[in-house]
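Report on the structure given below.
The values are calculated or read from the model by the stated rules, or taken from the named source; none is laboratory data. Please read all numbers here as calculations on a predicted model, not as lab measurements. Here the Cβ positions follow ideal geometry from the backbone for every residue, glycine too, while neighbour counts run over all protein chains shown.
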Amino acid sequence: MLPSSHRIPIDVAAASLELAEHPLNDAFAAFIAAANRLETSHWRLHNEVSQLRLQLEERNRALASSLAENEYMRSMQRQILDALPCGVVVLDVEKREVTLLNPEAKRLLDIPPTHNPAWNEIPACLQDMAGRLSSHALRHGDEREVYVDGTVAQRWLTIRSSAAESTSDPGQNIPSFSKLILTVLDTTTRKLAEQEREASRHMRALAEMSAVLAHEIRNPLGSLELLTGLLARDTGLGEDSKQCVQHLQAGVRMLSATVNNVLRYNSPGTAQLVRLGLGETLKNSVGFVLPLAQQNGLALTLEENLGAAEILGDYGAMQQLILNLACNSLRHTPPGGSIAVCGKVEADSEGTVAIIEFSDTGSGISPQDLVHVFEPGFSSKRQSPGLGLAICERIMQQHGGVMSVQSELGKGTRFHMEFPVL
């Protein structure tokens, strides 16, 4: 028990206790307030995190959709590039790499479909265009026409350039290009058509000139033919003179055949067909070409069993037909050979036809040339203009007949002709 001097009054003790409890209450209250604030902040942070999570998920979905769309667009672009009818080439000039070659570009540039070429494997024309880009000598839209002699085919290509801007110098404002985009078009058909048109214009000019010359030559040539005929009938000529006249007749008639072929080819017109005794016409035509055969040391024989067979024909055209066949045989038959002409009439269920066969013992015609012998301008001999057999076929068509040829190298050639008999 405390001494009386140390006793504290009850009201004083209570006051002291209240003073002691007051800081604790304040601290506790502050703690409660801080906890409340922390809880509020936590919930606010939780809400913000939830919102951020939702936003992130939404953006992730949008990004995934964008990536899928980009991949789809990339796939579509690749399919479009693969399906383009022109070649597309993309070159990285700085890295010296081939960035893209679509299938058409590989085909046109003769690159295997599964091969991705290195820089030094692409055609020199593409490397040259890339070099011109580096030196700023290549402008946007420049075109170049190149000829590609590949292992598969030979082509004319038109290559159009387009440079992709990569960076620029802000100080000098000069753009820098590192990617070169090239479109490649196959212009072979157009180029060949241009060449054919040019050749056709050239041929027309030559044809017109040759027709004019042929007209100018025909009149004096006719006079020479008449004079040589008169000389041949002169009984006062010696053997040497007669031989000279025969050679002159042969040369004139050979020249006459060439002139008439040129005129017939450039001015085909319509044949004047009349009733014609085929046997007599054939005899006269063979007699007309006899000097040619004799001059070339060939034996010319005629076996004619046509009788009174008549056709609708043109005498001059028939003579030209035999003359052209004789000239063709003379070019391919060496001296000592022979030419045989045969005429006969045959009848079958479809009617009566007159057949004329013209054969020689010459060098023959190769199989690859045989299919072209009736084409105008085709000749295996440089000294021939290549019109004789084409004119023969045209004459046969005008007479309603048909003509065929058989030949074997080293064994000669035979022309078979059929005419409808009246």
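Things to note:
- Residues in the range 266-287 that are part of a helix (DSSP H, G or I) and touching a residue at least 40 places away in the same chain (Cβ under 8 Å) were compared, and the one that is nearest to the chain's Cα centre (by Cα) is Asn266.
- Qualifying residues in the range 263-317 (those that are farther than 19 Å from Glu346 by Cβ and touching a Ser or Thr at 6+ places or on another chain (Cβ under 8 Å)) - the one surrounded by the most Cβ atoms within 10 Å (Cβ to Cβ): Leu298
- Number of the exception - Arg253 against (1) surrounded by fewer than 19 Cβ atoms within 10 Å (Cβ to Cβ); (2) farther than 20 Å from Gln398 by Cβ: (1)
- When the range 196-217 is filtered for residues that are closer than 14 Å to Arg264 by Cα and in contact with a Leu (Cβ under 8 Å, 6 or more places away or on another chain), the ones remaining, listed by number, are Ala211, Ala214, His215.
- Tabulated pairs, the range 185-202, first modelled with pLDDT under 90 and loosely packed, with under 11 Cβ neighbours inside 10 Å, second of a type in the set (Asp, Glu) and not in a helix (DSSP H, G or I), C-beta under 7 angstrom, 6+ apart or interchain: none
- Unmet criterion (only one of (1) surrounded by 12 or more Cβ atoms within 10 Å (Cβ to Cβ); (2) under 29 Å from the mean Cα position of the chain (by Cα)) for Ser134: (2)
- None of Leu300, Leu221, Leu263, Leu292 is closer than 25 Å to Phe358 by Cβ and in a strand (DSSP E or B) except Leu300.
- Residues of the range 118-130 satisfying the condition of being assigned to a loop (DSSP other than H, G, I, E, B) and within 20 Å of Leu185 (Cβ to Cβ): Ile122, Pro123
- Unique residue being of a type outside the set (S, T, N, Q), over 24 Å from Gln272 (Cβ atoms), modelled with pLDDT under 90 and not in a helix (DSSP H, G or I) when the list is Ala340, Ala347: Ala347
- The residue that is farthest from Val93 (Cα to Cα), among those in the range 131-154 that are in a strand (DSSP E or B) and of a type outside the set (D, E, K, R), is Gln154.
Condition check ((1) of a type in the set (A, V, I, L, M); (2) out of contact with any Leu (no Cβ under 7 Å at 6 or more places or on another chain); (3) not assigned by TED's automatic domain parsing to the domain that holds Leu221) across all residues:
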residue	(1), (2), (3)
Val245	yes, no, no
Leu248	yes, yes, no
Asn260	no, yes, no
Leu263	yes, yes, no
Leu278	yes, no, yes
Thr281	no, yes, yes
Gln295	no, yes, yes
Ala299	yes, yes, yes
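- Taking the listed residues Gly351, Gly316, Gly364, Gly337, the one that is at positive phi and out of contact with any His (no Cβ under 9 Å at 6 or more places or on another chain) is Gly351, with no other qualifying.
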